[in-house]
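The structure appears right after this line, and notes come after that.
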There are 2 protein chains.
Amino acid sequence: MSSKMTRLIDVAKLAKVSTATVSRVINNNGYVSARVKERVLKAIEELGYQPARAARFLAKSRQNFEVNILADDWVLKSITTVLDEFYSIVHKGIIDFSKNHRMNVHLRSVNSWDKNADGFLLIGGGITKELVKEVKATKKPVVLVDQYLPGLKVDYVVSDGYDGAVFAVDRLISKGLKRIVHIHGPLSHFGFRDRYDGYIATMERHGFMPKSYEFDEVSDNMSVIIDMMLRSYGKPEAIFGSNDTAAIRAMEELKLRGFKIPDDVSIVGFDDIMSASLVSPKLTTLKIFKYDLGSIAARRLFNLLMGEERHPVKISLFTQYIERESTI
Amino acid sequence: MSSKMTRLIDVAKLAKVSTATVSRVINNNGYVSARVKERVLKAIEELGYQPARAARFLAKSRQNFEVNILADDWVLKSITTVLDEFYSIVHKGIIDFSKNHRMNVHLRSVNSWDKNADGFLLIGGGITKELVKEVKATKKPVVLVDQYLPGLKVDYVVSDGYDGAVFAVDRLISKGLKRIVHIHGPLSHFGFRDRYDGYIATMERHGFMPKSYEFDEVSDNMSVIIDMMLRSYGKPEAIFGSNDTAAIRAMEELKLRGFKIPDDVSIVGFDDIMSASLVSPKLTTLKIFKYDLGSIAARRLFNLLMGEERHPVKISLFTQYIERESTI
DNA sequence: TCTAGATGTGTAAACGCTTACACACGGAGG
DNA sequence: CCTCCGTGTGTAAGCGTTTACACATCTAGA
């Protein structure tokens, strides 16, 4: 309970040496004779001394860190060309944080990264277990961003799809809707799996029958899926898409077939991409805080670089339900 | 990419004021005229300035924080009497961290806490949404430990039940087991829900039929549940309990009925309580890092107290699969 | 008109550590 | 015998903030 913190200078006094010497012992650099070293170590032990991290950070802040951001070509491209907003915003979050924390960041492809960097940020769905293992082998700090690889114990920063899905489905149900269909991306991608699980759990908790269709952005045709749904399942009261793209396409198809949105069918997406607020009706969705995804990941890496030696952790950011016009 | 950090003094120069004034603006305390405040804000914006946390920590380290740990009577008792190891270890993690960070912590019951404390740590399954809201109303930092209340946006530090369950079930399946039964506590408790979801998702991913039974430690009788399972489901190849207590009791009942553990039935628990390694055969289980649960929560609260103003986050600690004698 | 407080701003001293620099000593090589 | 260099240790200058204290100025009440 006591608030009296023992400081380096206390150790120095006890061991009858200067603060510089104690520091040398702690950091194990510079010349220290065996005799003195032992005395200092004993003093540290005796006082239960632990260095104040903040002070250490500050004093060390004269040194810079080199960090590599690794991403596959698609993500890389979407960062540099701002072709896709998602990753460029994440990237901005990283950059902004780094600027103020003496980290020099370099964007690199997954197959040409610098093994000598001080730390690594691996971004996006293209990151594989193999790559992570390879990078981990450098023994340098590693943080994965917007990608979760179950079973791999490493630091993650992701958005909480489960929580978001639970919230959205609960919300729809509270409006009296029961026939809620989920259209999701490939479940092998954890981001989709997470949202799917949240959807299923919530439907079951309320005693409603879940129904889901897989839609792969590159290979599948939404028109076909909607037809299939209408035939096999019938008319839904709401559709929850595992991302905005799927939700918007489903909405278009439904409108084409004469359904009124949101009167006949409510639609909810996930991500809050730019176009979510541009389509008509404007899409209700779960907003992912992309910028924070980046800045929190950078912060985590920074802490790791500063020698925070706890075991890896998964940090999940909550999403925010943004109610627009596509839901009753 | 540049490593040149903008500092408070740079902002001060640009805005033509002293560092003290800039600091006042940032921390929103002390007197600052609207005119000057605006100028400073503009300078901050222009330079993209972010305060260096380390320096801030250090400078603020003159002040001490009073923090309250809130827990229901049962948790409180298990901390103080070491009746239950779980929460006393979590508590120790908190205490140890606090000692070196100028936090004075006070253990309090959920109905007699100090509204004037600087921050709050709410521990255990007994924490209700109502309590959290009440505490949040103080506008002071709050961190929930070992309790997750979906829909409530607040900081959490929990162990990752989903990941642990996925790992355990995958492991059992890799041994060739298919008929894996899950015995779980009340799903209204998120800790159990999480593990349940992981179990279901993994079984389905492999195309196996999940089967689960609810077992409430206080009201249910394991003997009855095992009989029911044997009758309705038949003989399982493995049982995955959502905590060690359930797993151990199931094991006892199975042994009573002549099953050999692990030859006939493999058993896996969750928690790694003391007795897990005392029973015979020793229980294979997922270890929760209780001490780190506490220290990480304390650290998170500390960061919050220091004015880290990002939005709430859920921090999940990975569990560790400890293979002992109850699994083939 | 005078004065006590409220309001606004600056100066400079911490905070606890690391490390550049200075200094001292002793032995080796010339 | 002198110099040079490797060792060992101390002194003190930062690192980027916050905040106590000092000092101005303004406002309101007597």
Among the aspartates and glutamates, which fall within straight-line cross-link reach of B:LYS175, defined as a Cα-Cα distance under 19 Å, with same-chain neighbours fewer than 8 residues apart omitted? B:ASP163, B:GLU204, B:GLU237, B:ASP263, B:ASP264, B:GLU323, B:GLU325
How about A:LYS16: which aspartates and glutamates have a C-alpha closer than 13 Å to its C-alpha, ignoring those fewer than 8 places off in the same chain? A:GLU38
Normalise the Cα radius of gyration of segment A:182-255 by 2.2 N^0.38 Å (N = residues in it) and let me know the number. 1.05
What percent antiparallel are the DSSP beta bridges of the protein assembly as shown, to the nearest 5? 15 percent
Measuring label to label, 7 Å along Cα→Cβ, what does A:HIS106 give against each other copy in nm, shortest first? 5.4
Hey, what did segment A:1-147 get for relative contact order, percent, Cα under 8 Å, at least 6 apart? 21 percent
Between B:ALA55 and the same site in the other copies, what are the distances in nm, shortest first, taking label points 7 Å from Cα along the C-beta direction? 1.8
Pairing the Cα long axis of helix A:34-47 with the longest principal axis of chain A, what angle in degrees results, from 0 to 90 and rounded to the nearest 10? 60 degrees
Segment B:1-146: spread of alpha-carbon positions along the three principal axes, whole Å, largest first, is 60, 30, 29
Determine the shielding of peptide A:149-157 by partner chains: average, over its residues, the number of Cβ atoms on other chains within 10 angstrom of each Cβ. 3
Taking a 21 Å limit on the Cα-Cα distance, which of the listed pairs A:LYS255/A:LYS282; A:LYS129/A:LYS153; B:LYS99/B:LYS290 fall beyond it? none
Ascending list, in nanometres, of distances separating the B:VAL218 label from those of the other copies (7 Å, Cα toward Cβ): 5.3
Degrees, to the nearest 10: B:222-232 long Cα axis against longest axis of chain B: 60 degrees
Peptides B:294-305, B:228-239 ordered by average Cβ neighbours within 10 Å, highest first: B:294-305, B:228-239
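Largest first and in whole Å, give the semi-axes of segment B:8-51's equivalent ellipsoid, each being the square root of 5 times a Cα gyration tensor eigenvalue. Before the final figure, lay out each step's value.
Values: eigenvalues 40, 21, 18 Å².
They are 14, 10, 9 Å, listed from largest to smallest.
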Mean separation of Cα contacts under 8 Å, 6 or more apart, over the residue count of chain B: relative contact order %: 18 percent
Strictly greater than 17 Å: what percent of every Cα pair in segment B:161-289 meets that? 51 percent
With a 10 Å cut-off between alpha carbons and a GNM built on chain B, which of B:HIS101, B:HIS311, B:HIS184 moves the most? B:HIS311
Considering segment B:265-318, what Rg and Dmax in Å follow from its alpha-carbon atoms? 16.6, 52
The protein assembly as shown: radius of gyration over Cα atoms, expressed as a fraction of 2.2 N^0.38 Å: 1.03
Per-residue mean of C-beta atoms belonging to partner chains within 10 Å, peptide A:50-60: 5
If I fit a long axis through the Cα atoms of helix B:161-174 and take the longest principal axis of the Cα atoms of chain B, what angle between them do I get, 0 to 90°, rounded to 10? 40 degrees
Among the listed pairs A:LYS211/A:LYS260; A:LYS133/B:LYS178; A:LYS60/B:LYS136, which have their C-alpha atoms separated by more than 28 angstrom in this model? A:LYS133/B:LYS178; A:LYS60/B:LYS136
What does the charge dipole of segment A:8-51 about its Cα centre add up to, to the nearest 20 debye, if the Cβ of each Lys and Arg holds +1 and the Cβ of each Asp and Glu holds -1? 200 debye
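Are there trypsin sites (Lys or Arg not before Pro) in segment A:1-45 that DSSP marks as loop and that have at most 12 other Cβ atoms within 10 Å, and which are they?
Details: sites: A:LYS4, A:ARG7, A:LYS13, A:LYS16, A:ARG24, A:ARG35, A:LYS37, A:ARG39, A:LYS42; in loops: A:LYS4, A:ARG7, A:LYS16.
Passing sites in segment A:1-45 are A:LYS4, A:LYS16.
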Please report the projected area of chain B's Cα convex hull averaged over all directions, in nm². 20.8 nm²
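Values in this text are rule-based calculations from the coordinates and carry no lab data. Everything quoted here is computed from the prediction, not taken from an experiment. Every residue, glycine as well, gets a Cβ built from its backbone with ideal geometry; the counts of neighbours run over all protein chains shown.
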